[in-house]
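FYI, it's all coordinate maths here, none of it is from the lab. Values in this document were obtained by computation on a predicted structure and should not be read as measured data. Counting neighbours? That spans all protein chains shown, and the Cβs are built from the backbone with ideal geometry, glycine included.
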Amino acid sequence: MKLDQQGVSIRLENCSKTFADGNRALQPLDLEIRAGETLVLLGPSGCGKTTTLRMIAGLEFPDAGGRILFGDEDVTRLPIEKRQVGMVFQSYALFPNMSVAQNVAYGLKVQKCAKAEIRQRVDEMLQMMELSHLAERKIDQLSGGQRQRVALARAIITNPRVLLLDEPLTALDAILRDRLRADIDRLLRSLGITAIYVTHDQEEAMALGDRIVVMDHGRVAQIGTPKQIYFQPQSDFVADFIGQINAFEGEVRNQWMTLPGGRLHCPHLADGEARVYCRPEDIELVDMDSVDAHLQGVVEQTQFVGDRNRLWLAGIMPRQVLVESSGRVEFAPGQRVGIRVRSEKMIALEPREPIRSESVREVSPC
Amino acid sequence: MKRTPSYYLQLGFTLLICAFMLVPVLMSVTAGVTENYFKGISSGLTLRWVQEVLSIYSDTLWLTLKLALATLAVNLLVGVPAAYVLARSKSRWARLFEEILVLPVAIPGLAIALALIIAYGGVQDLRTSWLFILIGHVIYTLPFMVRAVVAVLHSIDFRQLEEGASSLGAGFLRRFFDVIVPNCRGGIVSGALMTLTLSVGEFNLTWMLHTPLTKTLPVGLADAYASMRLEISSAYTLIFLVMLLPLLLATQWNGHRRKAQARPAVQTPAPVAKGVTS
Ligand SMILES: Nc1ncnc2c1ncn2[C@@H]1O[C@H](COP(=O)(O)OP(=O)(O)O)[C@@H](O)[C@H]1O
Ligand SMILES: [Mg+2]
């Protein structure tokens, strides 16, 4: 089913948000969302994702000076019921007093559509979301995944100008989450609707977003495509937050960085203190006697996760280094291994702040 | 399981207490349908006394019903929106006010009546009207209605529900009647039953506020006990119980229904969907 309306572009200009208690949840923010694009707001809990989404929805209003535009229309002071948005809430906010079909029909009923038209569109929507057999059920008789689909159906049936989703999958268990993520992805692509999707889960963000806005403490840390965010993080925060990453830090002299476990070839770095990041899957394991084994460490822990082994190596940096390798090779704790990091796989960040103790995020399994 | 003597002792004691409480009621009820109470049941059963009550006191019955329904109407119109405003407000004063709302239970009806008489007793038209009693009944019962609805509102995430409705384009009134009111139904029903029960049975306050032309059933009943033969006042009591009984039963039933609803529904396994687009 294609929507009649493909959604609008959305612009936030200088939108900051200070709550009544004086809490500045958002620093002045400029953001442009293209028509038909899926934009993901990603960041740790409390960074202001929901606040941004609610401002776009019309449930919160920006501080004086901020402007929100839907296409060319200034909607800054328009309340949510006049904005023609579709919203999927984290806890779904389905109406317990109505059946599934009535929930889905509600938006059309409010728009005073003709009864016959409502019936037809609801039937179509229920069928598309594979909810037809549940049409007469009450909300408390549905599973989490079914509720989620009802919430989506209810939000998109009115052809909203933008679809807003606030962590729609967080309340579900992992298996269901994966399946529904794929479903939502397909749905957003087929509808071609402008969508803003809030999540704290970077995998979800990567899978769904045309572009990702990484947020930190009420600020935008980086905006880019999933690949840009993953491979070219522009700050320590983004590098840390997106996926798992190793930090190598030391003194560079003549293109070589000196580390506790040996040396690292960094042809792209000038002399002086430097830090580079590298994804676990970009580190190669090499034989100890190979000429490339400039860095050597001891396997401290291994974890077999099916398609790959995850190895935590000690002795290379003060903290463990995480390496991922093919699942078919055996490693035992205590074994000495050499590693190589190709310079083109390294992520160098400038300018630098003092390295943080948690800079190798989630790397230790303990 | 073998029953010990202490079991039979407890059973006997319980039955004794029940009898102690029920016997007077039964005696009163039988008195109302006995030809001559002093001669006992053997004098024969009759509905004569009931008919007599209906002819002497029918105005008190109608006034009681009218008052109860009018009180209910005011409580619905004022109490439900008031509860909503209270629950919505985040201020400390709103919480304090919610606490204060319980107080009238502790303030005797007599005190409310006295205050009303001091404040408005001079207005003759109001003083002699049944509306004067209505004001008293509303003041007395409104807190129960508000409390019942506020309790439900605090137990559901009504802000979120409202946001859901407004995201679908519903303005305030639509949200209120489509989402807030239906989801507060349990609280509204129990508040309504409470209002009716209290209004029908209220004596203290009503006795202070009534005039010879505005007597309710409980006031008439007191009057009957003082001035009529015992069979008539007993028949009157019987009618009173008949009016209250459905309300008490409905309250009980409503309580059970709400408890059953509060229990999480049994989840049926979700049929696996193959995808959302087809
Ligand atoms: N209504 C509110 N009043 C005061 N502070 C709030 C309110 N809503 C959110 N905040 C604060 O604003 C910050 C951002 O919140 P939020 O946007 O919900 O974060 P996220 O969705 O990214 O977890 C948090 O510090 C939160 O405590
Ligand atoms: Mg949030």
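Worth pointing out:
- Of A:LYS115/A:LYS138; A:LYS82/B:LYS90; A:LYS112/B:LYS259; A:LYS17/B:LYS90, those spanning more than 29 Å from alpha-carbon to alpha-carbon: A:LYS112/B:LYS259
- Only helices reaching 20 angstrom along their own axis (Cα) with mean Kyte-Doolittle hydropathy no lower than -0.5 count here, and for the DSSP H runs of chain B these are B:5-32, B:48-74, B:130-155, B:185-201, B:230-262.
- Gyration tensor (alpha-carbon) shape descriptor, the range A:207-301, a/c threshold 1.5: prolate
- Pair-distance distribution of chain B: all C-alpha pairs, bin width 10 Å, starting at 0; shares per bin in whole percent are 6, 20, 24, 22, 16, 8, 3, 1, 0.
- Between the alpha-carbon centres of the range A:1-67 and the range A:184-255 there is a gap of 18 Å.
- With 5 Å bins from 0: P(r) over the range A:244-348, alpha-carbon pairs, percent: 3, 14, 24, 27, 18, 9, 4, 1, 0
- With all pairs of different C-alpha atoms in the average, the Kirkwood value for the hydrodynamic radius of the range B:45-112 is 15.6 Å.
- With a cut-off of 13 Å between beta carbons, the residues surrounding B:TYR57 carry a summed charge of -2, where Lys and Arg count +1 and Asp and Glu -1.
- Counted over chain A with a bin width of 10 Å, the fraction of Cα pairs per bin, in whole percents, is 5, 21, 25, 20, 15, 9, 3, 0.
- Taking the C-alpha atoms of the range A:38-115, convex hull volume expressed per residue in Å³: 146 Å³
- Antiparallel DSSP beta bridges within the protein assembly as shown, percent to nearest 5: 75 percent
- Chain B: most fluctuating residue of B:ALA170, B:ALA235, B:ALA148 per GNM, C-alpha cutoff 10 Å: B:ALA170
- Based on the reciprocal of the average 1/r between different C-alpha atoms, the Kirkwood radius for the protein assembly as shown equals 31.1 Å.
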